[in-house]
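Here the structure is laid out as structure tokens; the discussion comes afterwards.
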Amino acid sequence: MPLLAEFKRRLFRWQSDGTAPLRLGQRRIFILPTRAGLLFAAALLAMLTGAINYNLALGHALVFLLAGLALVGMVHAFRNLYGLTIAPGRCLPVFAGDLALFPLQLSSDRAAPRLALELCAGDGQPAVTCAVAAHGLTDTSVPMTTTRRGWLELPRTRLSTTYPLGLFVAWSYLQPAMRCLVYPQPLPTPLPPLQAATRAGDQRGANGQEDFSGFRERQPADSPRHVAWKASARDGGQRPLLVKQFAGGAQHELRLDWDLTPEAAAPEARIAVLAGWVLAAEEDGACYGLRLPGHEIPAASGDLHRHRCLEALALFPA
Amino acid sequence: MSTRPAEALDRGAAPWLFAAALATTLPHAEHQPLWLSALTAAILAWAGWLWWRNERLPGRWPLILLVAVACGGVLFEFRTLFGRDAGVAMLVVFMAMKLLELRSRRDAIVVVTLGYFLLLTHYFYSQSIPTGAWLLATMTLVTATLIRLHGGAASTPMATLRYAGLLTLQAIPFMLALYLLFPRIAGPLWGLPQDAHAGRSGLSETMAPGNIANLALSGEIAFRVRFAEAPPPRGRLYWRGPVLENYDGRTWRPQPGRLRPPQIEAQSPALAYETTLEAHQQRWLLALDAPGMLPADLTLDSTLTATSRLPITQRQRFSLTAILDYRFNRNEDQPVLRRNLALPGNANPRSRELAESWRQADPDPERLVQKALTLFSGASFTYTLQPPLLGEHPVDDFLFVTQRGFCEHYASAFVVLMRAAGVPARVVTGYQGGEANPVDGFIVVRQSDAHAWAEVWFAGRGWTRIDPTAAVSPTRVESGIVAAMPAGEPLPALIQLRANWLRTLQFRWEAINNAWNQYVLGYNPERQREFLSRLGLPNPDWRNLAAILAIICGTLLLAITAWALYQRPRLDPAARLWQKALRRLARRQVNCAPWETPLAFARRLEHERPALAPAVREVANAYLQARYSRFPDDLTKLRAAIARLP
């Protein structure tokens with residue numbers, strides 16, 4: 001079995017390091033008849049029998065023309081893939097349970113469009129169909145369902161087409177080196193109480209989340225999470241979007257600690273609780289830090305910080 | 001489980017499917033019962049309406065009801081659900097009904113497969129050139145539908161049709177190879193249903209007044225002949241069909257049963273010719289009088305009619321010979337002579353009386369024949385396609401009252417007179433004449449050339465042909481029916497063409513048709529053997545043929561694959577040279593990333609591979625110079641720089 005696996009690895013390997021674009025050559029493309037192709041062959045056989053039985057000269061001609069059409073269709077299915085260039089893109093992290101999307105850029109330098117290209121990351125995974133225009137570029141993503149946190153490698157992906165006639169399927173296996181970070185699935189849980197401020201003198205009220213100080217107009221750099229959607233909805237979207245402003249949020253610090261999660265729960269459940277807290281804290285615009293056994297992220301806020309926290313949770317050894 | 005996106009049928013595919021269904025079923029309307037065409041049209045219209053209004057397709061029960069109605073109707077009309085016509089009718093209805101349950105792509109593929117199948121059924125009814133052309137176009141349309149189904153909305157109508165045309169064109173070489181070399185089997189493989197060869201006209205086995213006149217209205221071709229040498233004059237072209245000896249007072253019938261073989265003494269050399277007979281569902285051939293040597297599968301019956309073992313159910317070629325001057329059965333059996341003197345009890349008393357009076361005046365058979373012919377050539381007899389109806393004694397009515405008739409009237413009356421006068425005589429049916437097509441030299445004999453004449457037995461001379469029509473209207477025999485008929489007779493338009501250019505056009509068209517029939521439709525196992533032996537394969541078995549076919553189809557496939565692989569290089573020469581340089585560097589484990597400019601690449605190498613860097617920098621500079629400078633066509637420097645790469 002290892003020999004077969006090695007053979008498969010060599011046969012379907014991505015060129016060079018797995019990040020450069022790949023151009024599909026004839027050795028990577030495989031062809032087999034589809035079920036419709038077999039039905040077609042059976043119909044041709046029946047038609048040939050009829051033509052012989054009733055001695056129809058043109059019936060023979062029609063059957064032979066259709067047989068030729070099927071053969072030509074086979075070459076054209078192959079041609080639909082041949083010379084297609086596939087460049088891997090960068091994956092955005094997703095939460096476990098969501099669809100991970102592995103972006104690929106397909107480009108064609110042929111004068112005819114390539115239609116009905118189907119990408120599928122394996123059995124049971126959703127398929128996606130796309131087309132590439134003549135001398136065109138198309139961005140598409142291979143979807144994959146996610147169940148576990150951590151890195152999700154793109155498995156061997158099947159790029160197939162039955163275009164133009166559907167009698168033959170031509171396919172190729174792609175295995176670009178692509179991985180997607182899967183955040184743990186968050187469990188919505190009330191936030192732990194605010195910790196004592198780390199910096200003395202900043203201690204004010206106990207509830208930093210309530211330090212709402214007003215609205216201002218949204219700047220492009222503002223996170224969508226801070227938009228006051230309800231306030232904006234009230235005026236029917238006539239005015240520019242407003243952003244909630246919090247006063248003194250920076251002074252209050254939320255320590256999201258592994259030890260604060262229920263000790264009785266399984267480690268995965270505790271990670272889920274922490275992930276839920278990270279989301280809630282970021283939503284509230286709080287300044288929060290994350291502490292895991294053997295790993296600590298100092299308090300901060302913002303998208304990048306949120307990503308760092310979730311990444312740490314995603315990659316936390318179980 | 002939800003439908004995969006590729007399996008759902010988009011709305012825009014439906015018009016293609018409707019067009020394909022319409023194009024494949026519409027020509028069948030010509031020969032199908034009206035109710036069936038109406039039902040099909042109604043179903044199609046309903047399906048189209050539902051699509052237009054974007055309404056739900058009917059459920060299972062309405063469809064089952066429709067199937068039941070259609071099956072019942074077909075069963076009532078054809079008395080069977082199988083067989084040729086009933087089968088075609090069922091296919092047509094199913095095609096229309098499938099459009100009522102177009103839900104997924106699989107349904108659509110069934111429609112397309114049915115469409116291909118329906119194309120075949122058209123050949124049951126016609127295999128002419130226009131049918132072939134129409135079906136080629138329809139096939140392209142059905143293929144375009146298939147392409148549209150798989151390409152989805154992204155394939156625009158014009159592009160789809162063009163693509164289908166391209167595929168069809170590329171498939172034609174395969175078709176030609178398979179058509180010529182696929183081992184042919186002579187059908188049928190099993191007993192054909194009763195209606196396999198229905199609806200073809202031709203000479204019938206009996207003759208009653210009006211039979212042949214009806215045939216004369218048809219311009220259809222009965223057979224085509226090509227003589228090895230110069231053809232005999234038209235007046236001598238008597239194509240012998242069934243000989244009718246039994247007369248019941250109205251209808252002439254052949255004598256059943258086989259009798260002793262005929263004896264022919266040839267008095268002129270045999271004339272070789274080849275005839276291509278259209279299917280007429282009878283066993284007799286129409287050989288030039290009198291037939292000489294026959295091929296093995298044909299026999300000559302006692303009345304000198306060439307007969308095939310099986311009915312001629314398809315267009316067939318025969319190589320025959322003819323003896324124009326002959327003596328036939330000089331020693332005839334007495335029972336045969338007696339049979340050819342018999343007349344039914346009391347029919348036609350006046351004619352018999354007349355013949356009796358002739359015989360009493362002069363019993364010499366030859367002079368009796370002359371007397372009868374003189375009677376017909378009298379001014380009162382008219383040759384016409386529209387004879388009046390005849391009463392209880394048809395010959396009496398014809399001879400003494402109406403005196404207007406077509407060849408069967410004259411032949412019949414003549415034989416009755418001869419028998420009454422004691423001269424053995426019988427009716428011969430067949431064709432007379434034929435028209436030489438100057439384009440390809442074939443002589444074309446049409447249904448309108450159908451004819452009836454008489455044969456009289458003289459002691460010492462045997463059976464001798466007498467054509468009483470020639471006495472009434474000599475032009476009928478010399479120049480054909482169009483010249484013989486007075487203006488205003490209802491002749492078919494096709495044979496009536498008198499304008500010269502139209503005539504030429506018709507000759508051309510028929511010559512093309514004949515070539516089509518001879519070489520395309522007539523490509524049977526024998527022709528294939530002939531063709532292969534001319535290629536140097538005298539006796540190929542199917543294994544050799546399969547090997548040759550595999551080689552040819554493989555070569556064709558390779559050629560098309562090569563076309564598919566070939567992509568016109570779209571790089572300019574400088575870029576091509578740069579790519580070449582990169583390929584050479586790749587062999588030394590130096591790769592230029594796709595986003596790297598040539599200069600960046602060279603710079604990177606300066607600290608990664610210092611040994612290579614100067615040469616690469618030189619190449620990069622020369623490339624940029626060649627590609628982007630104001631005088632970009634100087635490639636020599638770039639070539640030289642690449643040559644210096646290690």
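Of the candidates A:G276, A:G289, A:G285, the single residue that is part of a helix (DSSP H, G or I), at pLDDT 70 or above and open to solvent by less than 50 Å² (accessible area, probe 1.4 Å) is A:G276.
Please verify whether the stretch B:98-117 includes one or more residues that are crowded, with 20+ Cβ neighbours inside 10 Å and touching an Asp or Glu at 6+ places or on another chain (Cβ under 7 Å). There is at least one residue in the stretch B:98-117 that is crowded, with 20+ Cβ neighbours inside 10 Å and touching an Asp or Glu at 6+ places or on another chain (Cβ under 7 Å). Residues that are more than 14 Å from chain A (Cβ to nearest Cβ), open to solvent by less than 40 Å² (accessible area, probe 1.4 Å) and in contact with a helix residue (DSSP H, G or I) (Cβ under 6 Å, 6 or more places away or on another chain) occur at least once in the stretch B:578-590. The residue that is farthest from the chain's Cα centre (by Cα), counting only those in the stretch A:120-144 that are among the hydrophobic types (A, V, I, L, M, F, W, C), within 16 Å of B:A154 (Cβ to Cβ) and more than 8 Å from chain B (Cβ to nearest Cβ), is A:A134. If you go through the stretch B:601-646 and pick out every residue that is open to solvent by less than 40 Å² (accessible area, probe 1.4 Å) and within 16 Å of B:V590 (Cα to Cα), you end up with 11. Of all the criteria given as (1) at pLDDT below 85; (2) open to solvent by 50 Å² or more (accessible area, probe 1.4 Å); (3) among the aliphatic types (A, V, I, L, M), the one not satisfied by B:L390 is (2). Within the stretch B:514-540, residues that are among the aliphatic types (A, V, I, L, M) reach partners that are open to solvent by 60 Å² or more (accessible area, probe 1.4 Å) with beta carbons closer than 7 Å, at six or more positions or on different chains, in the pairs B:L521/B:R315; B:L537/B:N544.
Within the stretch B:544-558, the presence of at least one residue that is at pLDDT 85 or above, out of contact with any Phe, Trp or Tyr (no Cβ under 9 Å at 6 or more places or on another chain) and open to solvent by less than 40 Å² (accessible area, probe 1.4 Å) is confirmed. From the list B:A425, B:A452, B:A413, B:A436, the lone residue that is in contact with a Lys or Arg (Cβ under 6 Å, 6 or more places away or on another chain) and of a type in the set (G, A, S) is B:A425. Would you call A:R79 modelled with pLDDT under 95, open to solvent by 20 Å² or more (accessible area, probe 1.4 Å) and in contact with a helix residue (DSSP H, G or I) (Cβ under 6 Å, 6 or more places away or on another chain)? The answer is yes for A:R79. Of all residues in the stretch A:95-111, those being within 14 Å of another protein chain (Cβ to nearest Cβ) and in a loop (DSSP other than H, G, I, E, B) number 4.
On inspection, B:S357 passes the criterion of being farther than 30 Å from A:L56 by Cα and either under 39 Å from the mean Cα position of the chain (by Cα) or not in a loop (DSSP other than H, G, I, E, B) (or both).
Within the stretch B:14-40, the set of residues being in contact (Cβ under 8 Å) with a residue 12 or more places away in the chain, over 23 Å from B:R148 (Cα atoms) and either surrounded by 11 or more Cβ atoms within 10 Å (Cβ to Cβ) or in contact with a strand residue (DSSP E or B) (Cβ under 8 Å, 6 or more places away or on another chain) (or both) comprises B:P27, B:H28, B:H31, B:Q32, B:P33, B:W35, B:L36, B:L39, B:T40.
When the helices (runs of 4 or more DSSP H) confined to the stretch B:534-646 are screened for residues that are more than 60 Å from the chain's Cα centre (by Cα), those reaching at least 2 such residues are found at B:573-587, B:598-608, B:613-628, B:636-643.
Just checking, does the stretch B:183-192 include any residue being within 14 Å of chain A (Cβ to nearest Cβ), over 22 Å from B:Q432 (Cα atoms), modelled with pLDDT of 75 or more and open to solvent by less than 50 Å² (accessible area, probe 1.4 Å)? Yes: one or more hits.
Being free of Cβ contacts under 8 Å to residues at least 40 places away in the same chain, outside any helix (DSSP H, G or I) and open to solvent by 10 Å² or more (accessible area, probe 1.4 Å) is the requirement here; does A:A61 meet it? Steps first, answer last, please.
Values: free of Cβ contacts under 8 Å to residues at least 40 places away in the same chain: yes; outside any helix (DSSP H, G or I): no; open to solvent by 10 Å² or more (accessible area, probe 1.4 Å): yes.
So A:A61 does not fit the description; no.
Yes or no, residue by residue, for (1) among the small types (G, A, S); (2) at pLDDT 90 or above; (3) at positive phi:
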position: B:H31; (1), (2), (3): no, no, no
position: B:W35; (1), (2), (3): no, yes, no
position: B:E55; (1), (2), (3): no, no, no
position: B:G83; (1), (2), (3): yes, no, yes
position: B:A89; (1), (2), (3): yes, yes, no
position: B:F94; (1), (2), (3): no, yes, no
position: B:R103; (1), (2), (3): no, no, no
position: B:Y116; (1), (2), (3): no, yes, no
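How about the stretch B:295-336: which of its residues are surrounded by 14 or more Cβ atoms within 10 Å (Cβ to Cβ) and aliphatic (A, V, I, L, M)?
Within the stretch B:295-336, the subset surrounded by 14 or more Cβ atoms within 10 Å (Cβ to Cβ) is B:298-308, B:312-318, B:320-324, B:326-330, B:332, B:336.
Scanning the stretch B:295-336 gives B:L298, B:L300, B:L304, B:A306, B:I312, B:L320, B:A322, B:I323, B:L324, B:V336.
Per this entry, A:L92 is not counted among residues that are more than 7 Å from chain B (Cβ to nearest Cβ), in contact with a Cys (Cβ under 8 Å, 6 or more places away or on another chain) and assigned to a strand (DSSP E or B). The set of residues in the stretch B:423-446 being of a type in the set (G, A, S), crowded, with 20+ Cβ neighbours inside 10 Å and under 13 Å from B:R224 (Cα atoms) consists of B:G433, B:G434. For the stretch B:365-417, the candidate set comprises residues that are among the small types (G, A, S), closer than 18 Å to B:T475 by Cβ and assigned to a helix (DSSP H, G or I); within that set, the residue that is nearest to the chain's Cα centre (by Cα) is B:A411.
Only one entry of A:L191, A:L174 meets the criterion of being open to solvent by 30 Å² or more (accessible area, probe 1.4 Å), away from chain B (no Cβ under 14 Å), modelled with pLDDT of 70 or more and in contact with a Leu (Cβ under 7 Å, 6 or more places away or on another chain), and that entry is A:L191.
Residues are listed down the side, and each one gets a yes or a no for (1) open to solvent by 70 Å² or more (accessible area, probe 1.4 Å); (2) more than 22 Å from B:A471 (Cα to Cα); (3) under 26 Å from the mean Cα position of the chain (by Cα):
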site: B:A208; (1), (2), (3): no, no, no
site: B:L215; (1), (2), (3): no, no, yes
site: B:E220; (1), (2), (3): yes, yes, yes
site: B:R224; (1), (2), (3): no, yes, yes
site: B:P232; (1), (2), (3): no, no, no
site: B:R236; (1), (2), (3): yes, no, no
site: B:N246; (1), (2), (3): no, yes, no
site: B:R250; (1), (2), (3): yes, yes, no
site: B:G257; (1), (2), (3): no, yes, no
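Any residue at all in the stretch B:136-152 that's out of contact with any helix residue (DSSP H, G or I) (no Cβ under 9 Å at 6 or more places or on another chain), surrounded by fewer than 23 Cβ atoms within 10 Å (Cβ to Cβ), at the interface with another protein chain (Cβ under 9 Å from one of its Cβ atoms) and without any contact (Cβ under 8 Å) to a residue 40 or more places away in the chain? Scanning the stretch B:136-152, I find no residue that is out of contact with any helix residue (DSSP H, G or I) (no Cβ under 9 Å at 6 or more places or on another chain), surrounded by fewer than 23 Cβ atoms within 10 Å (Cβ to Cβ), at the interface with another protein chain (Cβ under 9 Å from one of its Cβ atoms) and without any contact (Cβ under 8 Å) to a residue 40 or more places away in the chain, so the answer is no.
If you go through the stretch B:153-175 and keep only what is among the β-branched types (V, I, T) and within 8 Å of chain A (Cβ to nearest Cβ), you end up with B:T168, B:I172.
The values are calculated or read from the model by the stated rules, or taken from the named source; none is laboratory data. Fair warning: this is a prediction, and the values are worked out from it, not measured in the lab. Reconstructed Cβ throughout: ideal geometry from the backbone, glycine too, with neighbour counts over all protein chains shown. These accessible areas exclude ligands, DNA and RNA; they are computed on the full protein's heavy atoms, side chains included. Shrake-Rupley method; radii C 1.70, N 1.55, O 1.52, S 1.80 Å.
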